[in-house]
There are 2 protein chains.
Amino acid sequence: MQIEPIAFFRSPLKEKFGTPRQAGIAPGLPGTVEFCKGFEPAMLDGLEGFDYLWIIWGFSLNNPNAASSAKVRPPRLGGNEKMGVYATRSPYRPNPLGLSSVRIHAVDAAAGRIEVLGADLVDGTPIFDIKPYLEYADAHTGIRSGFAAEAPGGKLRVVFEDMPFAVSEPLRRQLCEILSQDPRPAYHDDPERIYGLNFDGRNVRFKVEGDTLIVLEIS
Amino acid sequence: MQIEPIAFFRSPLKEKFGTPRQAGIAPGLPGTVEFCKGFEPAMLDGLEGFDYLWIIWGFSLNNPNAASSAKVRPPRLGGNEKMGVYATRSPYRPNPLGLSSVRIHAVDAAAGRIEVLGADLVDGTPIFDIKPYLEYADAHTGIRSGFAAEAPGGKLRVVFEDMPFAVSEPLRRQLCEILSQDPRPAYHDDPERIYGLNFDGRNVRFKVEGDTLIVLEIS
């Protein structure tokens with residue numbers, strides 16, 4: 001089956017590094033579904049009555065040389081334990097499709113855009129379908145979710161060193177949501193190492209000491 | 001992007017007619033995800049810890065001559081009112097992908113099968129991906145779901161005429177779940193008309209008088 005992008009995602013996050021590993025983990029993170037060729041504003045009629053949206057998208061930043069394998073190491077399990085690929089949401093799967101439920105913030109049909117919150121999509125991600133979230137069919141509670149029973153939760157306390165300019169409150173909040181998740185690979189633990197995150201064109205430099213993440217510079 | 005089926009669905013429902021219009025509407029309806037070429041049993045390791053599964057599938061029974069259009073008539077609105085295609089779960093959409101959450105009944109990795117309950121997939125439907133349902137990321141409650149705020153609910157009372165042989169309780173219950181939804185097209189209202197439903201190789205004949213559906217024969 002041949003599928004074509006209907007839209008692309010716009011996010012302040014330009015790389016996989018720092019991008020949340022599931023939807024809703026950074027609930028205040030803004031992003032935009034930007035429709036492309038074939039779009040007509042009428043396609044969104046009625047969507048304003050829904051609070052959440054499903055996005056079916058493509059893992060476009062997969063390493064093309066990394067084959068999909070039967071078992072993967074979910075970051076949730078510290079990168080040591082293996083699980084069957086179909087028991088995970090790993091990007092490396094036979095058909096590299098992603099699935100995310102995001103909050104609808106604003107629908108601008110005339111401009112061919114939907115502003116959303118809480119997505120786990122990198123800037124530029126191709127989108128193949130969107131669907132309204134139907135609570136009666138899609139929401140299941142009080143059920144078992146295997147090794148991912150709980151939301152990962154903020155692992156790190158985030159502090160900002162004195163900056164040469166004020167960091168706006170929304171930016172501070174968005175960075176806290178993202179950085180408290182600990183974007184470092186599971187096997188990293190070097191308090192001297194300085195990491196860089198590309199957020200909305202800014203270079204955010206930070207290091208991690210114990211369970212505290214220190215933002216050193218935003219340029 | 002080219003995607004290939006990883007599995008096919010097996011259901012007692014062989015046609016669109018009578019197939020539930022969303023997952024979970026017929027919660028007792030059994031079905032099977034049967035993996036195909038490329039499957040390895042290890043791919044399902046860990047899935048037994050989850051209660052629900054996402055299925056991303058293809059609307060393979062779409063009429064090939066019916067173009068996807070910007071607005072569609074959801075059966076929920078009686079077939080009269082139009083909605084933007086992206087505000088609906090209509091099969092006729094730019095990329096004809098379906099999305100369903102189903103209950104996991106049994107995982108048989110060695111046989112390459114997952115028994116599920118409550119699917120809205122017709123027998124033979126190609127499946128492109130399955131993912132574990134993560135309650136913390138996927139379940140949203142107390143939200144607005146537009147024109148589909150409530151589950152459709154059983155519309156018809158189902159009665160069985162005397163049959164030459166006993167109808168087993170599970171079969172009776174499954175047929176009740178399906179038939180109470182009123183499988184007739186929205187514009188049909190002819191108490192004389194006899195309909196046939198293919199259920200697991202049986203021909204189920206019924207008619208509808210007012211809000212009562214009468215099963216006449218199962219052969």
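Which residue is nearest to residue B:115 (Cα to Cα), if the candidates are limited to segment B:68-95 and must be of a type in the set (D, E, K, R) and not in a loop (DSSP other than H, G, I, E, B)?
B:76
Among B:42, B:23, B:70, which is more than 13 Å from the chain's Cα centre (by Cα) and farther than 22 Å from residue A:92 by Cα?
Result of the check over B:42, B:23, B:70: B:70.
Pairs, please: C-beta under 9 Å, at least 6 apart or cross-chain, first residue more than 9 Å from chain A (Cβ to nearest Cβ) and in segment B:50-61, second of a type in the set (Lys, Arg)?
So the pair list comes out as B:55/B:131; B:59/B:93; B:61/B:16.
How about segment B:28-49: which of its residues are at the interface with chain A (Cβ under 10 Å from one of its Cβ atoms), in contact with a strand residue (DSSP E or B) (Cβ under 7 Å, 6 or more places away or on another chain) and not in a loop (DSSP other than H, G, I, E, B)?
The answer is B:33, B:35, B:42, B:43, B:44, B:47, B:48.
Residue by residue through segment B:55-67, note down the ones that are under 27 Å from residue B:118 (Cβ atoms) and surrounded by fewer than 21 Cβ atoms within 10 Å (Cβ to Cβ). Step through it out loud before you land on a result.
Just the residues of segment B:55-67 that are under 27 Å from residue B:118 (Cβ atoms), to begin with: B:55-63.
Residues satisfying the conditions are B:58, B:59, B:60, B:61, B:62, B:63.
Just to be sure before I move on: is residue B:46 at pLDDT 95 or above and at positive phi in the structure I sent? Talk me through it step by step, then tell me what you get.
Working: at pLDDT 95 or above: yes; at positive phi: yes.
Spelling it out, residue B:46 is indeed at pLDDT 95 or above and at positive phi.
Looking at A:25, A:55, which one is of a type in the set (A, V, I, L, M, F, W, C) and not in a loop (DSSP other than H, G, I, E, B)?
Residue meeting the stated conditions: A:55.
For residue B:92, only one of the following conditions fails: (1) within 7 Å of chain A (Cβ to nearest Cβ); (2) touching a residue at least 12 places away in the same chain (Cβ under 8 Å); (3) of a type outside the set (A, V, I, L, M, F, W, C). What is its number?
Unmet for residue B:92, out of (1) within 7 Å of chain A (Cβ to nearest Cβ); (2) touching a residue at least 12 places away in the same chain (Cβ under 8 Å); (3) of a type outside the set (A, V, I, L, M, F, W, C): (1).
Within the set of pairs 6 or more residues apart or between chains, which connect a residue that is farther than 14 Å from residue A:29 by Cα inside segment A:164-175 to a residue that is surrounded by 10 or more Cβ atoms within 10 Å (Cβ to Cβ) and modelled with pLDDT of 90 or more with Cβ atoms less than 9 Å apart?
Every condition considered, the pairs that remain are A:164/A:217; A:165/A:218; A:167/A:160; A:167/A:175; A:167/A:215; A:167/A:218.
Could you tell me which of the residues B:167, B:122 is of a type in the set (A, V, I, L, M), closer than 27 Å to residue A:2 by Cα, in a loop (DSSP other than H, G, I, E, B) and away from chain A (no Cβ under 14 Å)? Step through it out loud before you land on a result.
Working: B:167 fails: closer than 27 Å to residue A:2 by Cα.
After applying the criteria, what remains is B:122.
Yes or no: residue A:107 within 12 Å of another protein chain (Cβ to nearest Cβ) and surrounded by 20 or more Cβ atoms within 10 Å (Cβ to Cβ)?
Considered against the rule, which asks whether it is within 12 Å of another protein chain (Cβ to nearest Cβ) and surrounded by 20 or more Cβ atoms within 10 Å (Cβ to Cβ), residue A:107 comes out as yes.
Scanning for something facing chain A (nearest Cβ under 7 Å), at pLDDT below 95 and over 30 Å from residue B:172 (Cα atoms), does segment B:147-161 turn up at least one residue?
Applying the first criterion (facing chain A (nearest Cβ under 7 Å)) to segment B:147-161 yields B:147-148, B:150-151.
This time we only want the ones that are at pLDDT below 95, so: B:147-148, B:150-151.
Now narrow it down to the ones that are over 30 Å from residue B:172 (Cα atoms): B:147.
Within segment B:147-161 (the criterion being facing chain A (nearest Cβ under 7 Å), at pLDDT below 95 and over 30 Å from residue B:172 (Cα atoms)), the answer is yes, since at least one residue qualifies.
Looking at (1) touching a residue at least 60 places away in the same chain (Cβ under 8 Å); (2) hydrophobic (A, V, I, L, M, F, W, C); (3) outside any loop (DSSP other than H, G, I, E, B); (4) surrounded by fewer than 17 Cβ atoms within 10 Å (Cβ to Cβ), find the lone condition where residue A:128 falls short.
All conditions are met except number (4).
The values are calculated or read from the model by the stated rules, or taken from the named source; none is laboratory data. Keep in mind it's a predicted model, so treat the numbers as computed, not measured. Glycine gets a Cβ as well: all are built from the backbone with ideal geometry, and neighbour counts include every protein chain shown.
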